[in-house]
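Read-outs: derived from the displayed coordinates by stated rules, not from any lab. Computed from a predicted structure; not experimentally measured. Here the Cβ positions follow ideal geometry from the backbone for every residue, glycine too, while neighbour counts run over all protein chains shown.
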Amino acid sequence: MNPPVDITALLEAWNQGDLEARDRLMPAVYDELRRRAAAFLPRERAGQALQPTALVHEVYLHLIDQDRAVWQNRAQFLAVAAEMMRRILVDRACAHKMAKRSGRWARVTLMADAMQGTQREVDVLDLNNALDELSAFDPRKARVAELRFFGGLSLEETGLVLGTSLATTMRDWQAARAWLFRRLTRGKAAT
């Protein structure tokens, strides 16, 4: 059994230019990133959706190109990974929609709780647009939703990234979910 790896120490070493620390980071976070990616990937027929492994590899390629990032801790690293997952999924959904123009949309699961609870499929482009709308008038609530939906961060991790208390993070999450639910179900029959 391998001893636990101090992710924050690896990130701090990477900040100092230690490329070996950067290279040791990926195996240390791979399973967690893959689990989080699998939780939010589109639910399409086999062979049509981006696989968790491919998404994590694509995120990793973006992460290692981060020259200006100042890594602070595990939660901040996962938050950046979540933002990259969102961008990759949205870019792929846009490209797929433009290429096919068939109405087959990439779907993500909107959950009552990010990792458990009642699931409801949502178009990733609709979710992205709704998050952009929410961000226009409440950027913090939009960021909470992004970190929870795309990054699978816990409430505690989300609060750490945003510098908010757990109570504030919980209130923001509850309000963001309610707003997104109303926005995403507007004009659609209840299921």
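Computed quantities for the displayed model
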item: Pair Glu156, Ala28: separation of 7 Å Cα→Cβ label points (nm); result: 1.9 nm
item: Calculated FRET value between Met170 and Asn129, using beta carbons and R₀ = 22 Å, to 0.05; result: 0.30
item: Debye intensity ratio in log₁₀ form over the Cα atoms of segment 128-191, taken at each q of 0.13, 0.17, 0.20, 0.30 Å⁻¹; result: -0.33, -0.54, -0.72, -1.30
item: Chain lengthening between Asp6 and Ala136 when straightened (0.36 nm per residue, less Cα-Cα); result: 43.1 nm
item: Estimated distance in nm for a label pair at Thr185 and Ala69, the labels positioned 7 Å out from Cα along Cα-to-Cβ; result: 3.6 nm
